[in-house]
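One structure is given here, and the rest of the page talks about it.
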Amino acid sequence: MDFDLSEEHRLLRQSVRGFVEKEIMPVARRIDETGEFPWPALKGLAKLGLLGLNVPEAYGGAGADHLSAAILLEEIGRGCGSTGLIVAAHLGLACGPLAAFGSEEQKRKWLRPLAAGEMLGCLGLTEPGSGSDLRATRTTARRDGDSWVLNGSKMWLTNGAEAGVAILLCRTGGEGERDGILSHIIVPTDTPGMKFDPPEPKMGLHGSHTYALSIEDVRVPAENLLGGEGRGLGQTMAVLDGGRIGIGALSLGLAQGAYEAAAKYAGERQAFGSPLKEHQAIAFMLADMITEIEASRWLVYRAAWLRDQGRSYTKEASIAKLFATEAAERIARNAIQIHGGNGYSPLYGVERIYRDARLMTIGEGTSEIQRMVISRFA
Ligand SMILES: Cc1cc2nc3c(=O)[nH]c(=O)nc-3n(C[C@H](O)[C@H](O)[C@H](O)COP(=O)(O)OP(=O)(O)OC[C@H]3O[C@@H](n4cnc5c(N)ncnc54)[C@H](O)[C@@H]3O)c2cc1C
């Protein structure tokens with residue numbers, strides 16, 4: 001066994017960290033407070049080739065492995081959850097399925113500009129009436145000559161209106177059928193009939209915009225079917241396996257950021273004649289944070305490594321997501337506790353991390369869904 005990162009991975013971490021500390025961390029609070037979309041940071045990431053980091057070189061990506069993508073999201077998450085979620089959705093939910101299931105033509109047309117960061121992508125699975133239970137998808141895609149005609153609605157699309165292209169999970173099979181009824185359709189977001197509402201108000205991740213979408217007689221060419229007709233559910237499960245490593249990595253970064261802030265504060269703030277961290281109750285909170293971060297890191301890296309080896313990683317991705325997301329929430333909560341009253345103020349950044357981390361146990365499969373996946377292996 002080798003627990004050392006390669007030189008390549010270490011260099012990647014170093015360069016991403018440098019960029020995040022210079023361009024992302026200093027604006028994270030403003031992004032949270034104003035809800036502005038972090039285009040300058042995203043353009044910078046695109047320039048560094050990071051918005052196509054694990055897209056094959058043949059389609060303009062850097063061709064890096066999935067461990068690299070995990071390190072990227074960890075480092076962005078350490079600085080800004082909103083920017084991290086935008087990149088996680090772009091890489092994992094848009095580039096991922098196109099690279100895995102796209103035809104040569106689709107990859108040239110959509111994956112290339114996504115990898116170059118010329119546009120963002122998004123994936124629409126969730127609907128007002130269905131999230132965890134994707135078989136209850138109501139949006140339909142009906143074949144009409146050389147076209148698909150889509151009708152329905154989607155909910156909670158990360159990157160939605162900012163994206164150039166959406167991959168939409170649609171019902172292409174009959175009413176009574178259970179299996180083989182769902183398919184992915186690629187839809188440019190400016191297609192007539194696609195209407196995004198204004199960004200949803202939400203608890204955190206204010207710089208990452210999330211949209212409700214109504215889809216009315218949206219017509220796209222038949223060749224916009226992604227992968228096989230009726231394979232949408234299986235393809236979604238495969239995409240989410242990968243996406244879960246990304247959300248685990250992002251949570252790891254959020255936890256790391258919260259821990260660093262708490263450790264710094266505990267070293268500076270005095271109470272009862274000594275720094276906070278010399279009080280055992282605080283020191284033990286920091287010790288638990290270090291332990292949970294370390295455990296999260298190796299669970300996330302191992303799932304990414306298994307994926308890179310071409311081995312099965314469904315269980316490991318769910319374990320990594322479950323643990324890292326719940327640990328991030330606990331760590332952010334205790335980071336606020338260590339800051340006392342100041343922790344409740346936006347000036348210290350930890351309440352932002354807490355609000356951002358809260359989503360991670362919900363998106364890309366809730367903790368309950370992860371436990372259901374893991375228990376299938378029991
Ligand atoms: C900020 C944000 C960004 C998002 N981005 C995207 C995106 O880009 N694309 C997208 O498609 N979706 C996105 N989502 C949606 C997200 O993936 C769903 O919210 C999530 O999958 C849960 O679905 P739901 O909200 O319908 O909850 P439900 O499925 O209704 O679940 C409600 C509760 O019931 C539990 N539950 C459900 N079924 C079971 C069961 N069988 N056993 C035990 N418990 C169960 C759940 O764990 C949860 O606690 C986003 C959501 C948010 C908030």
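The values are calculated or read from the model by the stated rules, or taken from the named source; none is laboratory data. Here the structure is a predicted model, which is why all the values come from computation and not from measurement. Every residue, glycine among them, receives a Cβ derived from its backbone with ideal geometry; neighbour counts consider all protein chains shown.
Among the candidates S68, S82, the residue that is surrounded by fewer than 24 Cβ atoms within 10 Å (Cβ to Cβ) and polar (S, T, N, Q) is uniquely S68.
Do we have A287 as surrounded by 14 or more Cβ atoms within 10 Å (Cβ to Cβ) and part of a helix (DSSP H, G or I) here? Answer is no for this residue.
Taken residue by residue, region 64-76 has no member that is under 20 Å from Q106 (Cα atoms) and either polar (S, T, N, Q) or more than 17 Å from the chain's Cα centre (by Cα) (or both). A single entry from S251, S214 fulfils the requirement of being of a type in the set (S, T, Y) and either within 12 Å of the ligand (Cβ to nearest atom) or more than 15 Å from A141 (Cα to Cα) (or both): S251.
A295: farther than 26 Å from C80 by Cα, part of a helix (DSSP H, G or I) and under 27 Å from the mean Cα position of the chain (by Cα), yes or no?
Numbers: farther than 26 Å from C80 by Cα: no; part of a helix (DSSP H, G or I): yes; under 27 Å from the mean Cα position of the chain (by Cα): yes.
Judged against the criteria, A295 is not a match.
Taking first residues from region 60-82 that are at positive phi and partners that are polar (S, T, N, Q), the Cβ contacts under 9 Å between residues at least 6 apart in sequence or on separate chains come to G63/N54. Taking the criterion of being charged (D, E, K, R), surrounded by fewer than 19 Cβ atoms within 10 Å (Cβ to Cβ) and touching a residue at least 40 places away in the same chain (Cβ under 8 Å), the residues of region 14-59 that qualify are R17, E21, R29, E33, E36, K43, K47.
Where helices (runs of 4 or more DSSP H) fall entirely within region 4-104, those with at least 2 residues that are touching a Gly at 6+ places or on another chain (Cβ under 9 Å) and closer than 25 Å to A258 by Cβ are at 7-19, 25-34, 39-47, 66-79, 81-88.
Could you list all residues from region 335-378 that are acidic (D, E) and either near the ligand (Cβ under 9 Å from one of its atoms) or touching a strand residue (DSSP E or B) at 6+ places or on another chain (Cβ under 8 Å) (or both)? It would help to see each step written out before you state the result.
Of region 335-378, the ones acidic (D, E) are 351, 356, 364, 368.
Those that are acidic (D, E) and either near the ligand (Cβ under 9 Å from one of its atoms) or touching a strand residue (DSSP E or B) at 6+ places or on another chain (Cβ under 8 Å) (or both): E364, E368.
Looking at region 310-352, which of its residues are among the aromatic types (F, W, Y) and in contact with an Asp or Glu (Cβ under 9 Å, 6 or more places away or on another chain)?
Initially, region 310-352 is screened for residues among the aromatic types (F, W, Y), giving 313, 323, 344, 348.
Across region 310-352, the qualifying residues are Y313, F323, Y344.
Number of residues in region 120-172 that are surrounded by fewer than 21 Cβ atoms within 10 Å (Cβ to Cβ), in a strand (DSSP E or B), hydroxyl-bearing (S, T, Y) and near the ligand (Cβ under 9 Å from one of its atoms): the value is 1. Under 27 Å from R29 (Cα atoms), within 16 Å of the ligand (Cβ to nearest atom), in contact (Cβ under 8 Å) with a residue 24 or more places away in the chain and hydrophobic (A, V, I, L, M, F, W, C): is that true of A328 in this structure? So A328 fits the description; yes.
Remark: pairs (first residue in region 254-280, closer than 14 Å to N334 by Cβ; second residue basic (K, R) and assigned to a helix (DSSP H, G or I); Cβ separation under 6 Å; 6+ apart in sequence or on different chains) = Q256/R78; G257/R78; A266/K277. Do the conditions hold for L182, that is, is it crowded, with 17+ Cβ neighbours inside 10 Å, within 13 Å of the ligand (Cβ to nearest atom) and in contact (Cβ under 8 Å) with a residue 60 or more places away in the chain? Considered against the rule, which asks whether it is crowded, with 17+ Cβ neighbours inside 10 Å, within 13 Å of the ligand (Cβ to nearest atom) and in contact (Cβ under 8 Å) with a residue 60 or more places away in the chain, L182 comes out as no.
Close contacts from region 346-367, counting a first residue that is more than 28 Å from Q235 (Cβ to Cβ) and in the same structural domain as L91 (by TED's automatic domain parsing) and a second that is assigned to a helix (DSSP H, G or I) and within 10 Å of the ligand (Cβ to nearest atom), with Cβ to Cβ under 8 Å and a gap of 6+ residues or different chains, come to none at all.
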